[in-house]
Amino acid sequence: MTPLPANYKTDALARLKSAIQAIQQSQPTPQGLEELYRDCEGLCLHKFGSDIYAMAKAELEAYASQRLGEIGRQPDASVLGLTTQFWADYTQQLDMIKCVFLYLDRTYVLQSANVASLWSMGLSVVRQCLVDTDMKSKLVRLILGEVAKERDGKSADQASLQSLIQMLVDLGLYSQFFMPSLIDATREYYSRESRRLVGSLVAIQPAEEPRPDTPASAMSVPQYLAHVKLRIDEETQRATRYLSANSKAPLLSVVMTQLIEKHAERLLMASFDTMADAFMLADLANLYSLLTSVGKIESLKRYWATYIKKVGILLVQVPELDVSLVSELLGLKRRLDDIMKSAFQSNNILAHALRDSFESFVNTRRNKPAQLTAKFIDQCMRSGNKSATDEDIDSLLDRVVVLFRFINDKDLFEAYYKRDLAKRLLYNKSVSIDTERSMVQKLRIEYGLGYTKRLEGMLRDMDVSSGLDGKFTNLQQAQETRGIDFHATILTQAFWPTYEPLPLVIPREVELAQEQFIQFYNEKHNGRKLFWQPNLGTCLLKVTFDEGVKELSLTIMQGTVLLLFSE
């Protein structure tokens, strides 16, 4: 290697030093960049890399210390703007200095352990200057002040804040120093705000718009919830615009803790029943989303269950409402289901609470719900119900079956239902046999064949009797033995309700038709014995009045008594 000229090291270091100072002063360098690059290369080749590195570090430290010291002595109103300008200048200068000393980075730095690159060393210089002085604390305090101003609705220089936050991130100061202070300041800010707003909550007004006029105004709970959602959006945007990305989660956690979690009980107590009564789905959805995000689903479940029981008992425990109780319960169930679906996102925990609470209050009046539900179905299934289509009836029955699930006295319901079904079938009062089958099938799906076996047997008896009746009528016509129109229904005793026999002397014409049917039946079913229940039958009589002939639909007993007058 060619020996260096005398004073070469000193002169070369002086030229490089002058170049750094010129760059820092935004002045042209005394030498061209190519000449400076060769000076750096020559010194590195002769093992003077450490000297260059130490000189560059000393110059950067002196410059950063001077500039930051001057900024620190300025009024607070100027500090953030001056620091933003300093950081922009410094990083631009450091980038140019790095180009001059590129050979140093590629040789000495790479070959030396624990020696940072020129860029990293330049950042650490500023970091140390901030840490060793009160500038770090001042910057943190002033940045938090700007954040607080923005939270109060005032304008802030977001571009400068973004630059300063990025500086703290680049210097490794954000997570260690700024983030804890940001979280503490956020906690204190929203703690004060929540105490003020929750402490002055007002009653929910009819048809109110759930939007606060200003954060300082008195709010109802729906307005407060809307305000919280607004705060969440603001903090999310703030984290996106100029805070570090890893700030979002802890910031939102603090906001939710202070605004919702700490006041969950008060918010529920002050509003839940009113919002549920008024069917305020959007506000209930806000309440649900906010409470679940802070793990307060159990608190919501408790108020939900209490509300359901309270409203339900007001219906069930009033005998005057019995005539419309099932309709009211169906309406309540539909409304609660709508709240579950639209506001509570069909949450499983709240759905279980709905089922348990509904079952609890429905059965507070023992036996009555089973009786009234069976009666309601009977009214729906009677042929006199002309106001509803088959689709309407089927939909209504689906809802009734859901209600039936909550009734504990299912055996009692089956007894009432079987009694009413028998009347509809025997007196030909059913809206349609297909609808009857559909309802029994719904019950079978819910509780199995064992529960509906007798009901299905009743329907089967009607089908068999219809077939026998047709054959008997055809036989009478063929033999020309038909007197009166006689129709018999064969009931399997095990399926149908128990009826006391009626000792009735029937008219001779009916008795002859009855004997004909017995003979016809025995020919097809030898060994079976028929027991007649005239009290379950009906008859159609033609009666001549002064105004003309009228047809009367009567029970067998009524018809028998009336015929006595014709004699």
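Taking every alpha-carbon pair under 8 Å whose residues sit at least 6 apart, the stretch 39-149 reaches a relative contact order of 40 percent. Could you name the lysines whose alpha carbon sits less than 17 Å from that of residue 47, not counting residues in the same chain fewer than 8 places away? Here the lysines satisfying the reach criterion relative to residue 47 are 9.
Taking amide hydrogens as placed 1.01 Å from N in the peptide plane, the amide H of residue 382 sits under 5 Å from those of 431, each at least 5 positions away in sequence or on another chain. Centroid-to-centroid, using Cα positions, the stretch 512-567 and the stretch 1-42 are 130 Å apart.
Each peptide among 310-321, 156-167 gets the average number of other Cβ atoms lying within 10 Å of its residues, and from highest to lowest they stand as 156-167, 310-321. For the chain, the Cα-based Rg and Dmax, in that order, read 45.9, 158 Å. The protection proxy used here, the mean number of other Cβ atoms lying within 10 Å of each residue, ranks peptides 275-282, 504-511 as follows, highest first: 275-282, 504-511. Hydrodynamic estimate: the Kirkwood radius of the stretch 1-114 over Cα pairs, inserted into Stokes-Einstein at 20 °C and 1.002 mPa s, corresponds to D of 140 µm²/s. The label point for residue 524 and the one for residue 22, both projected 7 Å from the Cα toward the Cβ, are 12.3 nm apart.
Here residue 471 is the anchor, and the lysines within straight C-alpha reach of less than 17 Å, apart from those fewer than 8 places off in the same chain, are 524.
In the stretch 82-240, carbon and sulfur make up what percent of the accessible area (probe 1.4 Å)? So the carbon and sulfur contribution to the accessible surface is 52 percent. Here the Karplus curve 6.51 cos²θ - 1.76 cosθ + 1.60, taken at θ = phi - 60°, turns the phi angles of the stretch 366-382 into couplings of 4, 6, 5, x, 5, 5, 5, 5, 4, 5, 4, 4, 4, 5, 5, 8, 6 Hz, with x standing for Gly and Pro. You can think of it this way: the chain between residue 11 and residue 396 has 128.5 nm of extra reach, that is 0.36 nm per residue less the Cα-Cα gap. Here the Karplus relation 6.51 cos²θ - 1.76 cosθ + 1.60, evaluated at θ = phi - 60°, turns the backbone of the stretch 138-145 into coupling constants of 5, 4, 4, 4, 6, 5, 5, x Hz, with x for every Gly and Pro. Helical content of the chain, expressed as a calculated mean residue ellipticity at 222 nm, amounts to -22500 deg cm²/dmol (DSSP H runs of 4 or more residues, -39,500 (n - 2.57) each, divided by residue number, nearest 500).
Note on the stretch 351-468: Cα-Cα pairs beyond 21 Å make up 38% of the total pair count. Per-peptide packing, taken as the mean over residues of other Cβ atoms within 10 Å, places 29-39, 250-260 in the sequence 250-260, 29-39 from highest down. Between the stretch 48-70 and the stretch 420-442, what is the C-alpha centre distance in whole Å? Each part reduced to its Cα centre gives a spacing of 99 Å. Normalised per residue, the accessible area of the chain is 53 Å², obtained with a 1.4 Å probe and no contribution from ligands, DNA or RNA. Compared with the dominant principal axis of the Cα atoms in the chain, helix 281-293 is inclined by about 60°. Short to long, the 10 Å bins of the Cα pair-distance histogram for the stretch 71-165 hold 14, 37, 26, 16, 5, 1 percent of all pairs.
Of the cross-linked pairs 375/442; 310/442; 309/375, those separated by over 28 Å at the C-alpha level are 310/442. Remark: the residue 546-residue 408 segment gains 44.1 nm on full extension, using 0.36 nm per residue and subtracting the alpha carbon distance. Here the calculated FRET efficiency for residue 205 and residue 114, from their Cβ-Cβ distance with R0 = 56 Å, stands at 0.25, rounded to the nearest 0.05. Between 0 and 90 degrees, the angle of helix 390-404 with respect to the longest Cα principal axis of the chain falls at about 70 degrees.
Computed from backbone phi, the HN-Hα couplings of the stretch 533-546 come to 10, x, 5, 9, x, 10, 9, 10, 10, 9, 10, 8, 9, 4 Hz, rounded to whole numbers (Karplus: 6.51 cos²θ - 1.76 cosθ + 1.60, θ = phi - 60°; Gly and Pro given as x). Please determine, in degrees from 0 to 90 and to the nearest 10, the orientation of helix 449-479 with respect to the longest principal axis defined by the Cα atoms of the chain, where the helix direction is its Cα long axis. Long axis of 449-479 versus the principal axis of the chain: about 40 degrees. Pairs exceeding a 28 Å alpha-carbon distance, out of 248/341; 333/410; 98/138; 368/529: 248/341; 98/138; 368/529.
The values are calculated or read from the model by the stated rules, or taken from the named source; none is laboratory data. Since the structure is predicted, the reported quantities are computational estimates derived from the model, not experimental observations. Note that we place each Cβ from the backbone using ideal geometry, even for glycine, and neighbour counts take in every protein chain shown. Keep in mind that these areas ignore ligands, DNA and RNA; they rest on the heavy atoms of the full protein, side chains included. Shrake-Rupley method; radii C 1.70, N 1.55, O 1.52, S 1.80 Å.
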